[in-house]
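Read through the structure below, which is laid out as structure tokens, and then see the notes.
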Amino acid sequence: MIFKIKKERQGKTISVHSAFSMILEDYGLKDSFVIEKLRLKWKKVVGELLAVHSIPDRIFKNILFISVDHPVYSNELSFMKDIIVREINNEYGSPLIRDIRLETKKLDWERLYS
């Protein structure tokens, strides 16, 4: 049950999916949820080789930040920007991502996947 203070009652039953979406939105967890879901599908989006050397890090103001462990792979991903944005937006059915920023840095894989 969701309690909305000072909001008009809808007067109808809502699905669990709708309630879950509202909770994610209300508590600002939508981007974190999307990042985790995207990490699970990252290999499918960019291919196996690039997925080994990169990981979606965060979303801020509809910009997806991707951490990459070497400039060569960062360059490859920069060529694929439009394809990646299109693939992600098609997956989520809305313009969730408008741009991509690549950050080359040492990745701590144990921390990311523990």
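The values are calculated or read from the model by the stated rules, or taken from the named source; none is laboratory data. Note that the structure is a prediction, hence the values are computed from the model and not measured. Neighbour counts are summed over all protein chains in view; Cβ atoms, including those assigned to glycine, are modelled from backbone coordinates with ideal geometry.
Taken together, the residues in region 88-110 that are over 15 Å from V52 (Cα atoms), modelled with pLDDT under 90 and of a type in the set (D, E, K, R) amount to 1. Among the conditions (1) in contact (Cβ under 8 Å) with a residue 40 or more places away in the chain; (2) within 10 Å of the chain's Cα centre (by Cα); (3) surrounded by fewer than 17 Cβ atoms within 10 Å (Cβ to Cβ), the only one that E91 does not satisfy is (2). Hey, among the residues in region 24-49 that are small (G, A, S) and under 16 Å from the mean Cα position of the chain (by Cα), which one's surrounded by the most Cβ atoms within 10 Å (Cβ to Cβ)? Out of the qualifying residues, it is S32. Of all residues in region 22-73, which are closer than 20 Å to L107 by Cα and of a type in the set (S, T, Y)? Across region 22-73, the qualifying residues are S32, S54, S67, Y73. Step by step: first the residues of region 23-35, then only those that are over 20 Å from P95 (Cβ atoms) and either in a helix (DSSP H, G or I) or hydrophobic (A, V, I, L, M, F, W, C) (or both), then the one that is modelled with the highest pLDDT. Which residue is that? Looking at the filtered set, the residue picked out is D26. When you look at F3, is it exposed (fewer than 10 other Cβ atoms within 10 Å of the Cβ) and either within 28 Å of L107 (Cα to Cα) or at pLDDT below 85 (or both), yes or no? Yes.
The number of residues in region 50-80 being closer than 18 Å to Y92 by Cα, surrounded by fewer than 15 Cβ atoms within 10 Å (Cβ to Cβ) and of a type in the set (V, I, T) comes to 1. Of all residues in region 52-63, those satisfying the criterion of being within 13 Å of W42 (Cα to Cα) and of a type outside the set (S, T, Y) are V52, H53, I55, P56, D57. The residues in region 46-85 that are of a type in the set (V, I, T) and either free of Cβ contacts under 8 Å to residues at least 24 places away in the same chain or touching a Cys at 6+ places or on another chain (Cβ under 8 Å) (or both) can be counted, and the count is 4.
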